[in-house]
Each structure stands twice: as structure tokens, then as C-alpha cells.
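What follows is one structure encoded as C-alpha cells, with my remarks underneath.
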Amino acid sequence: MSNNTDLKKTAAFTGGGTGGHIYPGLAVAAALKGACGIVWIGSSGKIDRAIVGAAGIKFEQISGGKLRRYFSFQNFIDVFKIIAGFFASLFILKRYKPALLFSKGGFVSVPPVAAAFVLGIPVFTHESDFSPGLATKINSLFAKKIFVSYEETAAFFSKRLSGKIIVSGNPVRQSFYSANPEKGRAFLNIPAGEKILLVLGGSLGAAELNNLVENCIKELTKNFFVVHQTGGGCKSQLQAARYIRLPYINDEMPDILASATLVMGRAGAGTVWECAAAGRPMLLIPLSGAATRGDQVENARFFTEKGAALTLIHPDGAELLNALDSLLDSPEKLSGMAAAAARIGERRGTSIIAERITAQIQGN
């Protein structure tokens, strides 16, 4: 994808901190290819620059503080980071003069959104999760359009914002809709006919999932080839027959996902909507407890109620294996879950949002 920042009209994007705040935005940016220039305003974290840069998009870095709902001395320090990020965003936006700013959320998105509002630049924001996070709640106050992934999410916003809300689904890269399972198997060197359990912990990995796999690997590999995306920080050196460990999966993810018999993972918005786009059944183990606002539990509940997933909360090894056995013993249930996932994935968030952005740019 070309930077195209020399074109007359430019769209600015912001968001970051995790792949879940970046990949949906990149999906929209890809759909806009050739229609406008793209510049991305993101945090100093290595993951933001690496992912956005790999897509060939100009990346502008700002500082950003974390928005915490609890008391912490770090909140005081981060206020100054947010203020610095705001003024840096003002400078960047004045330089590029974008026709609009599209926000994919994360703490880093708040200063650019506020700066865009001050400069009179229209703001479009998107919430991937079932309920809006704090950053989206703040950004929505400045937004011209608020895109949400679920119809039920509209109820979390005030009535005065209802006219701005558009139910779009979550943007997913086009490659997930056109993935080739044979290519996925070829990349993994897994023969046709073998069942594949794909374990995904998100771009940063998930210790709970990694430990479950390690503790149950002998039983898991009796029925599956286990393909395990561990995250780069995983220290495990686990090796076993019929087990493939990958710290990170990037361009090959759509084909690998399409080849999976079942996907076991967290319930981050990116994971569940990519599975929906690929029509894959899910065994979800959402992040839950005091360390989270419960967004993954809500995502998992939605997909489970729609028949696309089975959810377990902090399962031990026995619970996990029992759940897997129940699915293997019922092929019709697995196929029904796959069909339900595909129905959810029919809502193409990428094209819906890209069309609105294009209309805004052309209207300027």
C-alpha cells in the first residue's frame, strides 16, 4: 500500500496499543487504497509502528497516557503525556490537513481525536467490543459518526448521540473472507483430513491459554494437530509431536484460520470477528476478573448466544478436555457453530465504514 500522503485529500487514522486496535483500522485503510492518502497517528509502542509500517502507511508517533478507572499515582504522570500527545497531534494534523480522522480506539486515540475536534476536522470513531471502552466514550463526545459492531452497543451511549450511531460490524481484512484452507495446511505441513485446533491468545499472547495447552498437550494431540500462537513473550519451550508453536502469525493468519477445525482463544473483538469472517467455530476463554472491564466476557456471551461459540471461564484442564470431547462427539454441532459464525460475519464492517469515509472525503 502506498503512503499517498502527497494526494490532495488525506484521511488520518489513530488507535493502537494492541493488534485489536490496529488491524481493523488497517482493513479500512486497505479498502480506501487509491481514494486518498493515509497517515496513522499512534503510540511509541513498538507493536504500533511495526504493524502499521508493514502495511506501508506513514506513521506519526505521539506520547499517550493510559486512562485508568481506578486511583493510581501513574494517572497524575499520564496527564502530562496526554497533554503532550494532544499538542503533538495538533502539529501533525495541521501539517497533513486531513479531510477526517478515523479512530479505532485505545488510549492513544484520545489526544488526536480532541485535537481534530479543535481544528474542525470531522471525527469518525469505531468500537469493536460489545460495550464501549473509556477511550471510545470520550471520543464519541467529539465524533460526527460512531460506528459499533453490535446493535446492542447503541444502548450504552446517551440518547443525544443516537443519531450518530451506525451499526457496522467489526472491520476485518478482506483476506479473511477469501482465505484458502489448503494454503493454510500447506504452510503448516498438516495433511488433509487431520483435525486442527488453532489456539490464539491475541497479538500479545495469553498466559492462561499457554499454560492450558502445555498442561494438556498429550491429550490435545491425540485428536488434533495443535497450532499454537503463543505471543512473543512466552518462555515455554514445549515440543511435542503434532504440535506447532508460532510466536506470532501475520500474513498467513487468514489461511491458517480457514484451515482450523476449531479455534480456541480469547474473546478479543479481533479474534471473534475474524473467526466469523472465516466461518470458524470457537471455544472461547475470555479474559475476566478484576483486571478487565469485562469486554471479552460480553463478546464471548454474544457469540455463544448466537450459536457460534462455546465459552469457558477459567477452565482447568479437565473442563477444557471435556468441552473438546463434547464438540468432537457432535460434528453436527461443530458445523452448526461454523454456520452461525459465518452468518455474523456477513455484516461487512470494512466496506460499510470505508463507504462512509469516502463520502465524507468527496463531500469536502
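Coordinate-derived values only; no laboratory data. If you're wondering where the values come from, they're calculated on a predicted model, not measured in any experiment. Methodologically, a virtual Cβ is constructed for each residue, glycine included, from the backbone with ideal geometry; neighbour enumeration extends over all protein chains shown.
Descriptive notes on the structure:
- Length-normalised contact order of segment 175-345 in % [C-alpha pairs under 8 Å, at least 6 apart]: 23
- Between the alpha-carbon centres of segment 91-151 and segment 227-301 there is a gap of 27 Å.
- Residue exposure proxy: Arg347, Arg95, ordered by other Cβ atoms within 10 angstrom of their Cβ from fewest to most, comes out as Arg95, Arg347.
- Lysines with Cα under 29 Å of Lys46, excluding same-chain neighbours fewer than 8 positions away: Lys9, Lys33, Lys58, Lys66, Lys81, Lys94, Lys97, Lys104, Lys137, Lys235
- Counted by Cβ distance under 13 Å from Met337, the other residues give a net charge of +2, where Lys and Arg count +1 and Asp and Glu count -1.
- Between the helical axis of 349-363 and the longest alpha-carbon principal axis of the chain there is an angle of about 10 degrees.
- Rounded to the nearest 20 debye, the dipole magnitude of the chain is 1400 debye, with +1 charges on Lys and Arg beta carbons, -1 on Asp and Glu beta carbons, and the Cα centre as origin.
- Across the chain, the relative contact order, built from alpha-carbon pairs under 8 Å that are at least six residues apart, equals 16 percent.
- Neighbourhood charge, 9 Å Cβ-Cβ cut-off, centred on Phe124 and excluding it, Lys, Arg +1 and Asp, Glu -1: +3
- Ala206 sits among other residues whose Cβ lies under 13 Å from its own Cβ, and their net charge, with Lys and Arg +1 and Asp and Glu -1, is -1.
- Seen against the Cα atoms of the chain and their longest principal axis, helix 331-345 is set at about 10 degrees.
- Crossing angle, helix 73-96 versus the chain [Cα axis fit, 0-90 degrees, rounded to tens]: 60
- Segment 175-345, dipole about Cα centre (Lys/Arg Cβ +1, Asp/Glu Cβ -1), debye to the nearest 20: 140
- Theoretical ellipticity at 222 nm over the chain - DSSP helices of four or more residues, -39500 (n - 2.57) apiece, nearest 500: -13000 deg cm²/dmol
- Gyration tensor verdict on segment 175-345 (Cα atoms; rounded if a/c is under 1.5, prolate if a/b is larger than b/c, oblate otherwise): rounded
- Simple label model, 7 Å out from Cα along Cβ direction - Asn223 to Lys144, nm: 5.2
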